[in-house]
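These notes are about the structure you will find just below.
The values are calculated or read from the model by the stated rules, or taken from the named source; none is laboratory data. None of the values given here were measured: they were computed from a predicted structure. With ideal geometry, Cβ positions are generated from the backbone for all residues, glycine too; neighbour counts draw on all protein chains shown. Quick note on the areas: whole protein, heavy atoms, side chains included, nothing else; ligands and nucleic acids left out. Shrake-Rupley method; radii C 1.70, N 1.55, O 1.52, S 1.80 Å.
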Amino acid sequence: MNSPLQYAAAVMEGLRLSGIIYSQDTVTPYKEYVFTDKDDSVQFPLQTLSLMSGDYDDIGILICSCLECVGIGTGFVPLEDDFIVLVDTTIAPDKKSNQFLEDGVISDENTTWLALSMENFSKGFTTARLEAAKKLNKIAKAEDKSFEIVDVHSAWEYYPPVTFSAYSGAFKNPSKADIIAEVNKATSYYINNDVSALIKKFRSNGDTKRLADCYVRAGMYNEALNEYQKLNSIAAYNNMGMVYTTLKNYKAALNMYNKVLAKEPENKNALANIKKIKILTGEE
């Protein structure tokens with residue numbers, strides 16, 4: 001499972017469940033200012049938390065800020081009628097079709113981005129993801145239109161953070177159970193939509209490695225093991241060790257990692273995972 005996707009779902013759903021809502025900026029409305037020469041004002045993330053509301057760009061910058069704070073790179077795309085938050089999946093552009101449907105993400109020369117529509121913030125993560133992808137793909141296919149990606153993560157590297165100290169403490173954390181339930185819905189949709197379609201494709205074209213990887217993402221571990229066994233490679237043995245560890249079959253996992261070491265005695269992945277298993281089983 002792609003970790004940035006899960007973090008993005010948790011952050012967005014946590015903020016939505018806390019009661020944060022869209023509220024048009026009456027002084028510098030986003031839709032009226034976005035593509036003009038007029039200076040738009042954007043709330044500090046803590047201001048949005050304090051007010052429990054914000055315009056599209058205010059909520060979007062809050063989500064970007066929260067994700068950056070936990071190490072997830074972000075960006076955004078301003079549109080006339082929407083503010084699209086971008087989440088860096090850390091997947092190389094030529095590898096995105098291993099984990100996502102082509103029209104479900106966008107990419108530049110460096111990475112693959114998961115897009116979220118702030119117009120659809122109140123409708124939840126999956127709707128925001130689908131609507132953002134639909135809008136950006138429509139623009140990408142149009143001959144007379146284009147969009148610009150603003151890389152928030154790069155900005156953090158060049159500009160010092162600006163502090164805001166007037167936070168009133170209005171934000172209340174939603175329950176952990178509620179966040180988990182919404183994140184599970186988001187990941188289930190991803191598995192039932194993107195991953196299931198990829199499984200069908202890789203099964204059809206006989207791509208054993210990518211089929212096995214998709215089975216792992218879908219939690220279909222026995223099916224994944226059956227596919228990895230066909231590969232007879234160091235990478236496959238390491239992956240089988242990981243699956244067996246997930247299933248708590250530590251004896252079988254150690255057997256896989258020892259197969260790796262028989263072929264490559266200094267393999268760092270196998271050595272590290274053997275150490276982890278020994279800690280889990282109390283042998284170390």
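Provide 34, 70 ordered by accessible surface of protein heavy atoms (probe 1.4 Å), highest first. Mind dumping the intermediate values first?
On the way: 34 35, 70 75 Å².
Most to least solvent-accessible, the answer reads 70, 34.
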Inset, instruction - Keeping all protein chains in position, work out how much accessible area residue 91 exposes to a 1.4 Å probe, and write it in Å² to the nearest 10. - result: 10 Å²
Inset, instruction - For 113, 156, write out the residues from largest to smallest accessible area, computed with a 1.4 angstrom probe and no ligands counted. - result: 156, 113
Inset, instruction - Could you pull out every residue, at least 5 positions away or on a different chain, whose amide H is within less than 5 Å of the one on residue 167? Hs are placed 1.01 Å off N in the peptide plane, and Pro or chain starts have none. - result: none
Inset, instruction - Treating the Cα atoms of the stretch 55-173 as identical point scatterers in vacuum, please give the log10 of the normalised Debye intensity I(q)/I(0) at q = 0.18, 0.20 Å⁻¹, two decimals. - result: -0.98, -1.18
Legend entry - Rounded to the nearest 20 debye, dipole of the stretch 42-127 from Cβ charges on Lys, Arg, Asp, Glu: 380 debye
Legend entry - Residue among 167, 233, 9 farthest towards the positive dipole end of the chain, charges placed on Cβ: 233
Legend entry - D_trans [Stokes-Einstein, Kirkwood Rh over alpha-carbon pairs] for the stretch 121-171, 4 °C, 1.567 mPa s, µm² s⁻¹: 88 µm²/s
Legend entry - Computed accessible area, residue 122, all protein chains, 1.4 angstrom probe, square angstrom: 90 Å²
Legend entry - Estimated D of the stretch 213-256 in µm² per second, where Rh is the Kirkwood radius over Cα pairs and Stokes-Einstein applies at 10 °C, 1.306 mPa s: 158 µm²/s
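Ignoring ligands, DNA and RNA, what percent of the accessible area of the chain is carbon or sulfur (1.4 Å)? If you can, show how the numbers build up before the last one.
On the way: 7760 of 15210 Å².
That fraction is 51 percent.
Compute the semi-axes of the equivalent ellipsoid of the chain, taking the square root of 5 times each eigenvalue of the Cα gyration tensor, and list them largest first in whole Å. Before the final figure, lay out the partial values.
On the way: eigenvalues 321, 100, 58 Å².
Semi-axis lengths for the chain are 40, 22, 17 Å.
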Legend entry - Translational diffusion of the stretch 111-231, µm² s⁻¹ [Kirkwood Rh, Cα pairs; Stokes-Einstein; 20 °C; 1.002 mPa s]: 117 µm²/s
Legend entry - Per-residue ³J(HN,Hα) for the stretch 174-190, Karplus 6.51 cos²θ - 1.76 cosθ + 1.60, θ = phi - 60°, Hz, x for Gly and Pro: x, 5, 4, 4, 5, 5, 4, 4, 6, 5, 4, 4, 5, 6, 5, 4, 4
Inset, instruction - Rounded to the nearest 500, what is the 222 nm mean residue ellipticity of the chain from helices alone, with -39500 (n - 2.57) per DSSP H run of 4+ residues and division by all residues? - result: -16000 deg cm²/dmol
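Provide the net charge surrounding residue 121, with neighbours chosen by a C-beta distance below 12 Å and charges set as Lys +1, Arg +1, Asp -1, Glu -1. Please list the in-between numbers first.
Values: positive: 16, 123, 129; negative: 13, 55, 57, 58, 82, 119, 131.
Spelling it out: positives minus negatives among the neighbours equals -4.
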Inset, instruction - Of the options 193, 154, 224, report the single residue whose Cα projects farthest towards the positive end of the charge dipole of the stretch 140-267 (beta-carbon charges: Lys, Arg +1; Asp, Glu -1). - result: 224
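Between residue 35 and residue 103, what is 0.36 nm times their sequence separation minus the Cα-Cα distance? Round to one decimal in nm. Don't skip to the answer; put the middle values down first.
Details: separation 68, 0.36 × 68 = 24.48 nm, distance 2.61 nm.
Contour length minus the Cα-Cα distance gives 21.9 nm.
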Inset, instruction - Of the listed pairs 209/278; 200/230; 248/276, which have alpha-carbon separations greater than 20 Å here? - result: 209/278
Legend entry - Dipole in debye (nearest 20) - the chain, about Cα centre, beta carbon charges: Lys, Arg +1; Asp, Glu -1: 1940 debye
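In the chain, once you exclude exposed trypsin sites (Lys or Arg not before Pro) (DSSP loop, at most 15 other Cβ within 10 angstrom), what's the longest stretch remaining?
Values: sites that count: 38, 145, 172, 230, 248.
My reading of the result: 39-144 is the longest stretch.
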Legend entry - Cα centroid separation, the stretch 1-73 to the stretch 168-216 (Å): 23 Å
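Quote the FRET efficiency, to the nearest 0.05, computed for residue 181 versus residue 92 with a Förster distance R0 of 25 Å and r equal to the Cβ-Cβ distance.
On the way: r = 32 Å, r/R0 = 1.29.
That pair, residue 181 with residue 92, gives E of 0.20.
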Inset, instruction - For the stretch 158-170, take each phi angle, set θ = phi - 60°, evaluate the Karplus expression 6.51 cos²θ - 1.76 cosθ + 1.60, and give the result in whole Hz per residue in order, putting x for glycine and proline. - result: 9, 10, x, x, 9, 8, 9, 10, 9, 4, 9, x, 6
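Which GluC sites (Glu not before Pro) does the stretch 80-130 hold that lie in a coil by DSSP with at most 13 other beta carbons within 10 Å? Write out the running numbers ahead of the final one.
Numbers: sites: 80, 102, 109, 119; in loops: 80, 109.
Passing both the DSSP loop test and the Cβ count: 80, 109.
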Legend entry - Normalised convex hull volume, the stretch 1-44, alpha-carbon set, Å³ per residue: 115 Å³
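Starting from the Cα-Cα distance between residue 122 and residue 70, subtract it from 0.36 nm times their residue separation and give me the gain in nm to one decimal. Walk me through the numbers on the way to the answer.
Working: separation 52, 0.36 × 52 = 18.72 nm, distance 2.27 nm.
Here the segment from residue 122 to residue 70 would lengthen by 16.4 nm.
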Legend entry - Nitroxide proxy distance, nm - points 7 Å out along Cα→Cβ at residue 110 and residue 261: 3.9 nm
Legend entry - Dipole moment magnitude, nearest 20 debye, the stretch 69-204 about Cα centre, only Lys, Arg, Asp, Glu C-beta charged: 740 debye
Inset, instruction - Quote the accessible area belonging to residue 261 in square angstrom, nearest 10, computed with a 1.4 Å probe and with ligands, DNA and RNA left uncounted. - result: 30 Å²
Inset, instruction - Using only the alpha carbons of the stretch 1-115, determine the length spanned along each of the three principal axes and report them from longest to shortest in whole angstroms. - result: 45, 32, 20
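With all protein chains present and a 1.4 Å probe, how do 94, 88 order by accessible area, largest first? Provide the component values of the computation, followed by the final result.
Details: 94 115, 88 35 Å².
Reading off the accessible areas and sorting them downward yields 94, 88.
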Inset, instruction - Using the heavy atoms of the protein chains and a 1.4 angstrom probe, tell me the accessible area per residue for the chain in square angstrom. - result: 54 Å²
Legend entry - Alpha-carbon Debye profile of the stretch 65-116, log10 I(q)/I(0) at 0.13, 0.16, 0.19, 0.29 Å⁻¹: -0.31, -0.47, -0.64, -1.12
Inset, instruction - Please state, to two decimals, what the Cα-based radius of gyration of the stretch 97-146 comes to when divided by 2.2 N^0.38 Å (N = residues). - result: 1.17
